[in-house]
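Data first, discussion second: the structure below is written as structure tokens.
The values are calculated or read from the model by the stated rules, or taken from the named source; none is laboratory data. Source: prediction; values computed, not measured. Neighbour counts are summed over all protein chains in view; Cβ atoms, including those assigned to glycine, are modelled from backbone coordinates with ideal geometry.
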Amino acid sequence: MKAEAYIPKPIDTTGIELPDELKMLVEQMSENVHEVWAETRVKQGWTYGPERSDRLKTHPCLIPYSELPEAEKDYDRNTSISTLKLILKLGFKISK
């Protein structure tokens, strides 16, 4: 049996705008996304290294979120923004 090519179909959230009060939450979520990722890597035996090496299990992003390059922070921010937009799209409310 030949497997068909996987075609991702995320829920369209392009029309969803995040309210201003959630913008601070984006940064907090982004930092936590990084912390969860880093914790998982450390538990798997990865350590900091100036270059990523799957063989040596080293990664240059095993550093605090505040020290990440903006491009890496943007990756985490996009994950957070997408998640918040999906929550809103699905009709849930976020309140403090």
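Yes or no: the stretch 61-68 includes at least one residue that is at pLDDT below 95 and in contact with a Lys or Arg (Cβ under 7 Å, 6 or more places away or on another chain). No, the stretch 61-68 contains no residue that is at pLDDT below 95 and in contact with a Lys or Arg (Cβ under 7 Å, 6 or more places away or on another chain).
Scanning the stretch 1-57 for residues that are acidic (Asp, Glu) and closer than 24 Å to Leu68 by Cβ yields a total of 6. Looking across the stretch 52-96, the residues that are in contact (Cβ under 8 Å) with a residue 60 or more places away in the chain and either in contact with an Asp or Glu (Cβ under 7 Å, 6 or more places away or on another chain) or part of a helix (DSSP H, G or I) (or both) come down to Ile81, Ser82, Leu84, Lys85, Leu86, Leu88, Lys89. For the stretch 24-44, the condition of being exposed (fewer than 10 other Cβ atoms within 10 Å of the Cβ), over 18 Å from the mean Cα position of the chain (by Cα) and in a loop (DSSP other than H, G, I, E, B) holds for at least one residue.
What about Tyr48, is it at pLDDT 95 or above, over 15 Å from the mean Cα position of the chain (by Cα), over 24 Å from Asp12 (Cα atoms) and among the hydroxyl-bearing types (Ser, Thr, Tyr)? Spelling it out, Tyr48 is indeed at pLDDT 95 or above, over 15 Å from the mean Cα position of the chain (by Cα), over 24 Å from Asp12 (Cα atoms) and among the hydroxyl-bearing types (Ser, Thr, Tyr). Of everything listed in (1) basic (Lys, Arg); (2) modelled with pLDDT under 95; (3) more than 30 Å from Lys93 (Cβ to Cβ), the single unmet condition for Lys23 is (3).
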